[in-house]
Amino acid sequence: MIELRDVSKRLGSRQILAGMTLAVKKGMNFVLMGPSGSGKSVTLRHVIGILRPDQGVVLVDGQEVSAMDNKQLMALRKRMGYLFQNGALINWLSVFDNVALPLREHARLPKSELEDRVQQVLRLVKLDHAAAQFPPSISGGMKLRAGLARALVTNPEYVLYDEPNAGLDPIISHQIHELIAQVRDELNVTGLIVTHSRACATQCGDRIGILENGKLAIEGSVAEMVQSEHPLARAFLGGGSD
Amino acid sequence: MNPLAHLGQFVVKRADGAGFVCELLLRTALYTPRLRRRLRFMLDTAYNAGVRSLPVTMVVAAFAGAILAMQTGIELRRFGDTAVLGTITALSMCREMGPFITGVILAATVGSSIAAEIGTMTVSDEVAALEVMSIDPVDYLVLPRVVALALMCPILTVLSNLIGIFGGSVIAEHNLGVSPQLYWVSAKEALTSSGMLLPKEVYVGLLKAFVFGIAIATVSCAAGLRAAGGALGVGLAVQTAVRNSVLLIIVLGFIVTWFFYFLAG
Ligand SMILES: Nc1ncnc2c1ncn2[C@@H]1O[C@H](COP(=O)(O)OP(=O)(O)OP(=O)(O)O)[C@@H](O)[C@H]1O
Ligand SMILES: [Mg+2]
């Protein structure tokens, strides 16, 4: 379970989060929506401990992330996957080596087992044909999928997805949504998903929250949110959006 | 803003930067026992650094040697003692000029590209991605680069020294009327006649080069890791890296010579 309790964070001269409270139950996908620059990515960074709150606490399975030392953070991060907004691949490593990186650094797997595992995840994100290519020469959508593969390769209990379908065509997008739902259902992965897409929210989400002015302005199950008359819900989930 | 507050802010910012560099160096040192895992990447980096900076370094070294020979030759001619020109050129090249120009060229070519590369990684979340995978950027990015330059700077310095002494010989022969034979014999003698296999000048010069390599890499990595704010931030990181590297080369060069010739010498 991921919990943010009354988290506030100031970056530079701007108050990004102000009293943000959020709970993601085990085995659920929580979709976080909100205007550009409202602090969605900043929220994810708090969960994995790259940022620490000025006030409030961040809890994962009841452990306070905001108070962890380096060793504890490392242990936590091994149980989490993180898909960055643009993939954040290492440029001088091939797609294959990028995905293999967390395994090579931490898991002492035999070579063949490691290769099998990487190939398997690459197939999952439909990228097995591009394993030998390098990040500078692949499309934004492919980078994102490679980033997703890298987030999933270690079999994490939690995955934080930062815009998993940005720049993807509708067909691949749909496949990624199904994949995220499948990862939840079959591997019991808990997800926190940042997206602007109604399709993504409704297809892979269990609950949806919309961030405005540093906290969740409205939150509810997918069905409730789609029906809601709240102007923010209409703006992000209404028929015309996506 | 009042000038005093301005100055105060400047000092605080610089001190903060210096603190970061020192901490980075320390953390890098702690990772050196695990260098084996980064060996491949380290050697690649060293090789690239060498290839990239070799041509410029050699040209600059040749001219630096020529300047050295001219400068000392003009004075020596007045005393009619140009016979020691080879000795002086060889020793000053090895102790001062060789490491100095190699360091400056490395800062401009390799230091800047390290800052640009790591800076780009920082602003595009790649460094954060490493942290999230529990890979310490110090271990993965900084360590191989620091070791690569610590290795490469002395190697390039040896080449610079040789080319510089050669550059001096051209001036000696054509402008100062010192026969090549005399020049080379005195240079060779200066570089071999010593109880320690090589004279102190050579060792001090190589130690400097080693220190410069570490300083350039550390300062450039630090600038890259502290980059913020997109492409503009990367540009500023490069500027910081080169400026601080050159500053450190001058100051550390002074300290090393001073230590070995005036304090401990
Ligand atoms: N390290 C930082 N220093 C200063 N300001 C920052 C930093 N990181 C983020 N910000 C600011 O915080 C605000 C929120 O950033 P964040 O990346 O969380 O937005 P977002 O909701 O993810 O938007 P988008 O949909 O565009 O990705 C932005 O205005 C951004 O400029
Ligand atoms: Mg974002």
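The values are calculated or read from the model by the stated rules, or taken from the named source; none is laboratory data. Because the structure is predicted, anything quoted here is derived from the model rather than measured. Virtual Cβ from ideal backbone geometry, glycine too; neighbours counted across all protein chains shown. Accessible surface is based on the protein model in full, side chains and every heavy atom, while ligands, DNA and RNA are left aside. Shrake-Rupley method; radii C 1.70, N 1.55, O 1.52, S 1.80 Å.
Taking amide H atoms as placed 1.01 Å from N in the peptide plane, the amide H of A:LEU17 lies under 5 Å from those of A:LYS9, each 5 or more residues away in sequence or on another chain.
Packing, as the average of other Cβ atoms within 10 Å across residues, places the peptides B:234-244, A:121-131 in the order B:234-244, A:121-131, highest first.
So, in Å, what gap is there between the alpha-carbon centers of the stretch B:98-145 and the stretch A:31-87? Distance between centres, Cα-based: 25 Å. The phi torsions of the stretch B:59-71, fed into the Karplus equation with coefficients 6.51, -1.76 and 1.60 and a -60° offset, translate into couplings of 4, 5, 4, 4, 5, 4, x, 5, 4, 4, 5, 5, 4 Hz, rounded to whole numbers, with Gly and Pro shown as x.
Each semi-axis of the equivalent ellipsoid for the stretch A:80-155 is √(5λ) with λ an eigenvalue of the Cα gyration tensor; in descending order they amount to 18, 13, 11 Å.
Counting only DSSP beta bridges whose two residues both lie in the stretch A:91-242, roughly 55 percent are antiparallel. Look at the stretch A:92-104: the mean tally of other chain Cβ atoms within 10 Å of its residues' Cβ atoms is 1. Placing R0 at 35 angstrom, the Cβ-Cβ distance between B:ILE67 and B:ASP44 gives a FRET efficiency of 0.50 after rounding to 0.05. Between chain B and chain A, the total buried accessible area stands at approximately 1700 Å², from heavy atoms with a 1.4 Å probe. Here's the list of lysines a cross-link from B:LYS200 could span, going by alpha-carbon distance under 17 Å and ignoring same-chain residues fewer than 8 apart: B:LYS188, B:LYS208. Residue by residue along B:119-127, Cβ atoms of other protein chains within 10 Å of the local Cβ number 4 on average.
Neighbouring Cβ atoms from other chains, within 10 Å of the Cβ of residues in A:148-154, number 1 on average. Net charge dipole, chain B: roughly 200 debye, given to the nearest 20, about the Cα centre with Cβ charges of +1 for Lys and Arg and -1 for Asp and Glu. For A:GLN55, the residues whose amide H sits under 5 Å from its own are A:SER8, ignoring neighbours fewer than 5 places away on the same chain, with H placed 1.01 Å from N. Highest-first packing order for the peptide set A:137-147, A:201-211, A:174-184, B:249-259 is A:201-211, A:137-147, A:174-184, B:249-259, based on the mean count of other beta carbon atoms within 10 Å. Rg and Dmax of the stretch B:1-43, both derived from C-alpha coordinates alone, stand at 17.5, 52 Å. Comparing B:ILE88, B:SER53, A:SER36 along the charge dipole axis of the protein assembly as shown, the residue lying farthest to the positive side is B:ILE88, per the Cβ-charge model.
In this model, which of A:LYS71/B:LYS13; A:LYS26/A:LYS78; A:LYS40/B:LYS13; A:LYS25/A:LYS126; A:LYS25/A:LYS111; A:LYS25/A:LYS143 are farther than 24 Å apart at the alpha-carbon? The pairs that break the limit, which is 24 Å between Cα atoms, are A:LYS71/B:LYS13; A:LYS40/B:LYS13; A:LYS25/A:LYS126; A:LYS25/A:LYS111; A:LYS25/A:LYS143.
Karplus-based coupling profile of the stretch B:165-171, in residue order and whole Hz: 4, 5, x, x, 5, 5, 5, with θ = phi - 60° in 6.51 cos²θ - 1.76 cosθ + 1.60 and x standing for Gly or Pro. log₁₀ I(q)/I(0) of the protein assembly as shown at q = 0.09 Å⁻¹, via Debye over equal Cα point scatterers, no solvent, to two decimals? Log-scaled intensity ratios, in q order: -0.74.
Taking 7 Å steps out from each Cα toward its Cβ at B:TYR261 and A:LYS25 produces label points 7.7 nm apart. What percent of all Cα-Cα pairs in chain B falls into each 5 Å bin, going from 0 up to the bin containing the maximum distance? For chain B, the binned pair fractions read 1, 6, 12, 15, 16, 14, 11, 9, 7, 5, 3, 1, 0, 0 percent. For the stretch A:127-136, putting each phi into the Karplus relation 6.51 cos²θ - 1.76 cosθ + 1.60 with θ = phi - 60° gives couplings of 10, 4, 6, 10, 4, 8, 7, 10, x, x Hz, in residue order, rounded to whole numbers and with x for Gly and Pro. Amide H contacts of A:ASN29: A:GLY191, A:ASP206, A:ARG207, each under 5 Å away and 5 or more positions distant or on a separate chain (H built 1.01 Å from N in the peptide plane; Pro and chain starts excluded). Using the alpha-carbon positions of the stretch B:122-265, Rg (one decimal) and Dmax (whole number) come out as 20.6, 66 Å.
Provide the per residue accessible area, probe 1.4 Å, for chain B, rounded to a whole number of square angstrom.
Working: 12870 Å² over 265 residues.
So chain B comes to 49 Å² accessible per residue, rounded to a whole number.
Diffusion of chain A by Stokes-Einstein, at 10 °C in a medium of 1.306 mPa s and with Rh set to the Kirkwood radius over alpha-carbon pairs, works out to 87 µm²/s. Between A:GLN133 and B:ASN175, what FRET efficiency comes out of the Förster formula 1/(1 + (r/R0)^6) with R0 = 56 Å and r the beta carbon distance, rounded to 0.05? It comes to 0.45. With 5 Å bins beginning at zero, the pair-distance distribution over Cα atoms of the stretch A:5-71 amounts to 4, 16, 28, 27, 17, 7, 2, 0 %.
For the listed peptides B:165-174, A:85-94, a ranking on the average number of other beta carbons within 10 Å per residue, highest first, reads B:165-174, A:85-94. As a length-normalised measure over Cα pairs under 8 Å and 6 or more apart, the relative contact order of the stretch B:52-263 settles at 36 percent.
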